[in-house]
Amino acid sequence: GAVVSQHPSWVICKSGTSVKIECRSLDFQATTMFWYRQFPKQSLMLMATSNEGSKATYEQGVEKDKFLINHASLTLSTLTVTSAHPEDSSFYICSASTQGGGLQPQHFGDGTRLSIL
Amino acid sequence: GDSVTQMEGPVTLSEEAFLTINCTYTATGYPSLFWYVQYPGEGLQLLLKATKADDKGSNKGFEATYRKETTSFHLEKGSVQVSDSAVYFCALRDRSGDKIIFGKGTRLHILP
């Protein structure tokens, strides 16, 4: 149980394009979803936390107009990289948990590799 | 703020060797501690966890003990396999929040 699916797993697109990444909890209701970014050979950095039905909370230094997060249902969150540029190329990983607070585990998706040409 | 420091890699070992990957943390209160593994091209998988001092997490032959006195959570395995080659992340989660703080990761190469 507790499967999180990300789509697409790999995307290559031209500079200036907007790219949407989906994160779905397949067998549980995800009250809270998290979006991370991972640069090559680096750790995961939390970008934002989203709770179903409310606006996402962005970490310091993350442009909320650049990285649009929508968490419209208990099983789906989307991250849209608007007007992507080569410096946005990275590995994006989402995770989901059943409710807020520090007690529930986070279940991770397999990640989306984004390459901007 | 909270932070996690783990040994830098890459770590290269022969099959059946003993593995230790060091991890120390800085946190207020009593965080939960985790080891995650990331295989090439994949997302993170939880390997093991410990939620209080002296707890030992274990899975797939890996072990780590929550040492409050040394603020450490070192990962060990008695006999590694080629299939253990991956990147290992030590992480903590504060009890008051959702945020997970990751270490920088340690890349492990196991040679046959």
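Things worth noting here:
- Residue A:59 more than 13 Å from chain B (Cβ to nearest Cβ) and among the acidic types (Asp, Glu): no
- Within segment B:74-84, tally of residues that are crowded, with 20+ Cβ neighbours inside 10 Å and assigned to a loop (DSSP other than H, G, I, E, B): 1
- Complete set of residues in segment B:23-41 that are surrounded by fewer than 16 Cβ atoms within 10 Å (Cβ to Cβ) and in a loop (DSSP other than H, G, I, E, B): B:28, B:29, B:30, B:39, B:40, B:41
- Segment A:83-103 - residue that is modelled with pLDDT under 85 and surrounded by 16 or more Cβ atoms within 10 Å (Cβ to Cβ) and, of those, farthest from the other protein chains (Cβ to nearest Cβ): A:98
- Residues being of a type outside the set (Ser, Thr, Tyr), part of a strand (DSSP E or B) and touching a residue at least 60 places away in the same chain (Cβ under 8 Å) - total across segment A:42-91: 1
- With respect to the conditions (1) touching a strand residue (DSSP E or B) at 6+ places or on another chain (Cβ under 8 Å); (2) outside any strand (DSSP E or B); (3) over 26 Å from residue B:106 (Cα atoms), residue A:27 falls short on a single one, namely (1).
- Residue A:15 vs. criteria surrounded by fewer than 16 Cβ atoms within 10 Å (Cβ to Cβ), in contact with a His (Cβ under 6 Å, 6 or more places away or on another chain) and either modelled with pLDDT of 95 or more or not in a loop (DSSP other than H, G, I, E, B) (or both): yes
- Tally of residues being farther than 17 Å from residue B:20 by Cβ and in a strand (DSSP E or B) across segment B:98-110: 3
The values are calculated or read from the model by the stated rules, or taken from the named source; none is laboratory data. Only a predicted model underlies this, so the values are computations on that prediction, with no experimental measurement involved. Virtual Cβ from ideal backbone geometry, glycine too; neighbours counted across all protein chains shown.
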